[in-house]
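The next block holds one structure in the form of structure tokens; read it before the comments.
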Amino acid sequence: MTATRLLQRQILPQDADLDVISLYVDAGPVMADADEDKSSGKAMVEAVLTTNGAGSGTSLHPDHIVDRHCLRIPEGTRLSFATYFNAFPAAYWRRWTVVDEVDLTIRLSGQGASVTIYRSMASGRSQRVSTGYVGESGSDEFHFELPLKPFADGGWYWYDVTAGEEEARVESAEWTAEVPDDRAEHGNVAIGITTMNRPDFCANLLAQIGNDEDLAGYIDEVFVAEQGTQKVVDSPNFGGAEAALGDKLRVVEQANLGGSGGYARGQLETLRRGTAKYFMCMDDDVVCEPEGIIRAVTFGDLARRPTIVGGHMFSLYARSRLHSFGEVVQPWRFWWQSAAHVKNDWDFDARNLRSAKWLHRRVDVDYNGWFMCLIPTVVLEEIGLSLPIFIKWDDSEYGLRARDAGYPTVTLPGAAVWHIPWTDKNDALDWQSYFHQRNRFIAALLHSQYDRGGRMVRESFNHQVKHLVSMQYSTVELRHQALLDVLEGPDKLHDELGTKLPSIREFSKAFTDAQLAGDPEAFPPVRRTKPPRKGRDGAALPGRFGMLLTAGLAPIRQLRPTRALAKQFPEAEVKAMDAQWFRLAKYDSAVVSMPDGTSAALYRRDPERFRDLLKRTVEIHQRLHREWPRLSEEYRAKLVEIVSPQAWEKTFGLTSEDSDEH
């Protein structure tokens, strides 16, 4: 016996927002792929200028969007739904779910209007599949049976609509499938949001979730772990969110335990409540597409086995730009990165889906960021909750842990949020560098398949030397402390979860490179003993030989006495995008701006500190290499205990009774 399930439906931007229209409807020309058309600069400009032109001079306006699912198309205009949110990602459904054929139903009005179905292959080449025309009746409903068999390695389905001599309307489009009876009903989801001092942002997100009528039947609970001093309940926007969600909203206040502590609380409360099939992690500083939550739940319901289903990240500041499309952990380096063939920061306003070959290849991942990530509760029950590591690597470690237990992660096209891009953050240098370093090594000790973590120890040493020659002494010290804490073993992770951040922040205050100032006049003026050689400002990128020469000489130069004038005045102002180690290594002091553009810090070279830190860098990394086998065995032996609900209950101070709630 089978039942019909709705997999995906046509959607349009909320509030008729044209900043994101290219993610829903494509009115632009088809362009050659940049890999093939090396002279596509002119075509790129033309595409940007005519994104809404469809080659016919017709523009999309907000009043063309009738409602969430219906679009008006002016007479004589052709529009494509080969877009991020409206094309059907056939390859993902074929690979990971029980669905082997989909049915597309399109309701179209406007005499003479036509709809054409296309499919693409993993190579990006497209093929016309079928066409339908609206006759004299003025409206029609078209049905297309579309197999998934040809999509082993990649490919999408989509439809284009052309209006005839009168305006057309795409009333709706629905992708459905026949599924086993035991998959007929959709699951429900508890959404867990960790928030700290973003009350308005979080309240707006809650309202967005609560006000979506289509999503309402899928929500079991929206759980907010409040960890800040500026409370979401005090936001002027909270009342509307509370009214929209009603008794499905629960806010619990706790100490600042970071993202891992906030999400672990939501995971734990979901298991204790026992009524949700899924738990979804969602950041507090995102704008979500509510339909993506429904699609993630539907995909999870129909997956071959319990599967973690994640969403993609678009930039909150440039909303047509895709920031993250699939993440893996490179095993030899044990470092997160984009999956093979993925191109970062892809702007759909400039390059549509049809023209981007790389988007048609199925992308397989190791994990999904917890800015939007659906986890089946059966997975939580089997492999435990988040590691107690505050921030960084909690989501990637969990994906690897799930993979080792036989539970895959899928990053699903058509499910996404808008979020602040990682590239706009300074987390590789500030207090967060401690957590980057410590948690990466903990994850590697738990999951690396290579002896002594592959390249981990050597690469860490190299990075320490780069930070040293860049005068980033606070970062070096924090990374040292991170490794010393790794060497202490896993027993203190829960105990120090709430105290580690204050201690490392206090420790960093003693270093000038960690003392940020937003006022440009906060620093002494730039002065140099002598002008740069031949007028060169040092901004040029050195060649391979120059890079190797600098790498060899820079540590030696650090041992020389600093120039007297550099002790009082910075020798240069260095922009964040130019602050690479091989440039900073040339100075005795410099004012360096931060990647977020809000502040700068004064870097000063200190030969004595350099000697001490270099000596300790060598000693710590030698010890880490020597003790890796013991540490790995210890961390792996303690993992089940550390991530258990019981361990987290102790950390949260909970008993078997329900926790305090708002």
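If only residues of the range 70-109 that are part of a loop (DSSP other than H, G, I, E, B) and acidic (Asp, Glu) are counted, the one that is modelled with the highest pLDDT is 100.
Residues in the range 576-631 that are farther than 22 Å from residue 558 by Cα, of a type in the set (D, E, K, R) and in contact with a helix residue (DSSP H, G or I) (Cβ under 6 Å, 6 or more places away or on another chain): 596 alone. Scanning the range 574-622 for residues that are of a type outside the set (Val, Ile, Thr), under 32 Å from the mean Cα position of the chain (by Cα) and in the same structural domain as residue 519 (by TED's automatic domain parsing) yields a total of 20.
When 257, 249 are screened for being in the same structural domain as residue 390 (by TED's automatic domain parsing), under 18 Å from residue 388 (Cα atoms) and in contact (Cβ under 8 Å) with a residue 40 or more places away in the chain, only 257 passes.
Has the range 304-318 got at least one residue that is free of Cβ contacts under 8 Å to residues at least 60 places away in the same chain and either touching a Cys at 6+ places or on another chain (Cβ under 7 Å) or within 30 Å of residue 458 (Cβ to Cβ) (or both)? There is no residue in the range 304-318 that is free of Cβ contacts under 8 Å to residues at least 60 places away in the same chain and either touching a Cys at 6+ places or on another chain (Cβ under 7 Å) or within 30 Å of residue 458 (Cβ to Cβ) (or both). For the range 392-436, taking the residues that are modelled with pLDDT of 95 or more and of a type in the set (Asp, Glu), the one that is farthest from residue 257 (Cα to Cα) is identified as 404.
The strands (runs of 3 or more DSSP E) falling completely within the range 110-189 that include 3 or more residues that are surrounded by 19 or more Cβ atoms within 10 Å (Cβ to Cβ) map to 114-120, 157-162, 168-180.
Name the pairs: first residue in the range 78-98 and free of Cβ contacts under 8 Å to residues at least 60 places away in the same chain, second residue assigned to a loop (DSSP other than H, G, I, E, B), Cβ to Cβ under 9 Å, at least 6 apart or on different chains? Listed pairs, sorted by first residue: 94/100; 94/148; 94/149; 94/150; 94/151; 94/152; 94/155; 94/362.
Only one entry of 349, 247, 301 meets the criterion of being more than 16 Å from the chain's Cα centre (by Cα), farther than 26 Å from residue 498 by Cα and modelled with pLDDT under 95, and that entry is 349. Can you name the residue in the range 182-203 that is of a type in the set (S, T, N, Q) and more than 20 Å from the chain's Cα centre (by Cα) and, of all such residues, is nearest to residue 301 (Cα to Cα)? The qualifying residue nearest to residue 301 (Cα to Cα) is 188.
The numbered conditions (1) within 17 Å of the chain's Cα centre (by Cα); (2) in a loop (DSSP other than H, G, I, E, B) are all true for residue 385 except (1).
Taken over the range 495-511, the residue count meeting the criterion of being farther than 18 Å from residue 392 by Cα and either in contact (Cβ under 8 Å) with a residue 40 or more places away in the chain or buried (at least 16 other Cβ atoms within 10 Å of the Cβ) (or both) is 3. Residue under question is residue 220, and the condition is that it be assigned to a helix (DSSP H, G or I) and either at pLDDT 95 or above or at positive phi (or both); does it hold? Answer is no for this residue. If you go through the range 539-552 and pick out every residue that is surrounded by 10 or more Cβ atoms within 10 Å (Cβ to Cβ) and either over 34 Å from the mean Cα position of the chain (by Cα) or at pLDDT 70 or above (or both), you end up with 7.
Of all residues assigned to the range 226-236, at least one qualifies as being within 24 Å of residue 374 (Cα to Cα) and in a loop (DSSP other than H, G, I, E, B). Of everything in the range 623-653 that is within 30 Å of the chain's Cα centre (by Cα) and without any contact (Cβ under 8 Å) to a residue 12 or more places away in the chain, the residue that is surrounded by the fewest Cβ atoms within 10 Å (Cβ to Cβ) is 646.
Can you tell me which residues in the range 382-440 are on the phi > 0 side of the Ramachandran plot and touching a Ser or Thr at 6+ places or on another chain (Cβ under 7 Å)? If the condition is that a residue be on the phi > 0 side of the Ramachandran plot and touching a Ser or Thr at 6+ places or on another chain (Cβ under 7 Å), then 384, 390 are the ones that fit. The single condition from (1) of a type outside the set (A, V, I, L, M); (2) over 30 Å from residue 641 (Cα atoms); (3) in contact with a strand residue (DSSP E or B) (Cβ under 6 Å, 6 or more places away or on another chain) that residue 473 fails is (3).
The numbered conditions (1) over 16 Å from residue 594 (Cβ atoms); (2) in contact (Cβ under 8 Å) with a residue 24 or more places away in the chain are all true for residue 475 except (1). Of the set (1) in contact with a strand residue (DSSP E or B) (Cβ under 7 Å, 6 or more places away or on another chain); (2) over 30 Å from residue 305 (Cβ atoms), all apply to residue 112 but (1). When the test is whether a residue is touching a residue at least 60 places away in the same chain (Cβ under 8 Å), closer than 28 Å to residue 67 by Cβ and not basic (Lys, Arg), residue 209 passes it.
The values are calculated or read from the model by the stated rules, or taken from the named source; none is laboratory data. Since we're looking at a predicted model, the values are computed, not measured. Every residue, glycine among them, receives a Cβ derived from its backbone with ideal geometry; neighbour counts consider all protein chains shown.
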